[in-house]
Amino acid sequence: MPPPVFHIADYLQDSEMFHFARKVLPQGTDTPLHSHDFYELLLIETGATTHVINAQEVALAEGDVVFIRPDDTHGFRTAEGTLCRIINIMFRADTADVLLERYRDDLYERFFWASGALPTCIHLVGAQHERAVNTSRSLQTTLQTRLRLEHFLLTMMTFVLDDVARIDPKAPDWLVDACYAVQAPELFRQGGAGFVAAAKRGQEHVSRQARKYLGMTPTQYVNRIRVQHAAMLLRDGSLTLPDIAEACGIENLSYFHRLFRQQYGCTPDAYRRRHQKNPLQRG
């Protein structure tokens with residue numbers, strides 16, 4: 001017997017554009033295989049599980065983002081004693097069609113529209129993972145409109161995820177590994193020195209290779225991550241600016257302001273005011 005097909009109409013009213021779920025997967029048992037007539041973004045918030053997908057098994061861990069397509073058949077197998085919390089955002093196929101038509105040059109054969117046997121899976125660490133979780137959880141308290149959904153999806157596919165794709169594919173493995181490793185706060189707080197430590201190579205060699213394959217120095221690369229982390233803290237908390245700068249490993253507040261303005265085009269205070277919770281949102 002073929003696996004059941006889940007229908008988006010069972011989750012959404014006509015006026016609703018997406019369904020948000022945040023849950024812990026059952027331990028020591030398989031969730032039933034199924035397919036569906038909608039798209040689904042899956043984010044592993046914490047823990048690990050096995051994704052049984054299109055007759056294959058793929059290990060998923062904290063920070064993995066999977067772009068599940070309507071024809072994918074999947075389920076989960078989570079070991080006894082393993083806590084895995086996931087975030088799901090499900091939405092209609094016609095929304096995906098509109099996005100692909102509008103942004104075909106950027107989205108064709110990427111994310112939800114990749115044509116491989118398995119759906120696209122991208123691993124996020126450190127500030128990127130934090131930002132993805134916070135961006136996703138913002139949907140819990142917002143109106144379920146097409147505008148809000150499209151804003152979320154475009155945010156996930158550009159600001160949150162595009163950094164992963166900016167590395168020159170010819171870059172050596174050790175440099176790619178350093179780019180991922182330096183997303184961790186304990187490394188990006190060290191600035192360029194944290195990048196060099198993650199690369200496990202001499203400083204001059206790392207600097208030359210970073211300029212060649214990343215188009216910037218290790219310090220510039222890390223500063224972008226620091227400022228992204230600062231932006232997340234400005235949106236989602238009440239820390240003072242000195243505390244936020246310190247959390248990013250930046251001791252000089254003037255330097256922090258200058259870096260932030262270079263990346264976001266405004267001061268940290270202006271950014272915080274702009275991204276305070278919309279009074280029209282629920283909750």
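The values are calculated or read from the model by the stated rules, or taken from the named source; none is laboratory data. Bear in mind that the values here come from a model prediction, so they are computed numbers and not experimental data. With ideal geometry, Cβ positions are generated from the backbone for all residues, glycine too; neighbour counts draw on all protein chains shown.
Just checking, does the stretch 97-115 include any residue being surrounded by 18 or more Cβ atoms within 10 Å (Cβ to Cβ), over 21 Å from residue 153 (Cα atoms) and not small (Gly, Ala, Ser)?
no
Which count do you get for residues in the stretch 234-253 that are of a type in the set (A, V, I, L, M, F, W, C) and closer than 14 Å to residue 272 by Cβ?
5
In the list 251, 186, 246, which residue meets the criterion of being outside the structural domain of residue 144 (by TED's automatic domain parsing), in contact with a Gly (Cβ under 9 Å, 6 or more places away or on another chain) and surrounded by fewer than 17 Cβ atoms within 10 Å (Cβ to Cβ)?
186
If only one of 66, 52 is touching a Gly at 6+ places or on another chain (Cβ under 7 Å) and at pLDDT 95 or above, which one is it?
Only one candidate passes the filter, namely 52.
Given the criterion more than 21 Å from residue 96 (Cβ to Cβ), among the aliphatic types (A, V, I, L, M) and surrounded by fewer than 18 Cβ atoms within 10 Å (Cβ to Cβ), identify the matching residue among 171, 181.
Only one candidate passes the filter, namely 171.
Only residues that are part of a loop (DSSP other than H, G, I, E, B), farther than 16 Å from residue 133 by Cα and either of a type in the set (Gly, Ala, Ser) or in contact with a Phe, Trp or Tyr (Cβ under 6 Å, 6 or more places away or on another chain) (or both): list them for the stretch 217-245, please.
Listed by number, the list holds a single entry, 238.
Quick one: how many residues across the stretch 37-72 are surrounded by fewer than 16 Cβ atoms within 10 Å (Cβ to Cβ), closer than 22 Å to residue 115 by Cα and polar (S, T, N, Q)?
1
So is residue 53 within 28 Å of residue 138 (Cβ to Cβ), among the aliphatic types (A, V, I, L, M) and in contact with a helix residue (DSSP H, G or I) (Cβ under 9 Å, 6 or more places away or on another chain) or not?
No.
Select, from 57, 62, the only residue that is more than 23 Å from residue 98 (Cβ to Cβ) and under 18 Å from the mean Cα position of the chain (by Cα).
Of the residues listed, the single one that is more than 23 Å from residue 98 (Cβ to Cβ) and under 18 Å from the mean Cα position of the chain (by Cα) is 62.
What helices (runs of 4 or more DSSP H), lying completely within the stretch 81-179, carry at least 2 residues that are in the same structural domain as residue 27 (by TED's automatic domain parsing), within 22 Å of residue 234 (Cα to Cα) and among the small types (Gly, Ala, Ser)?
Those helices (runs of 4 or more DSSP H) span 126-137.
Can you name the number of the only condition in (1) at pLDDT 90 or above; (2) surrounded by 15 or more Cβ atoms within 10 Å (Cβ to Cβ); (3) of a type outside the set (Val, Ile, Thr) that residue 128 fails?
(1)
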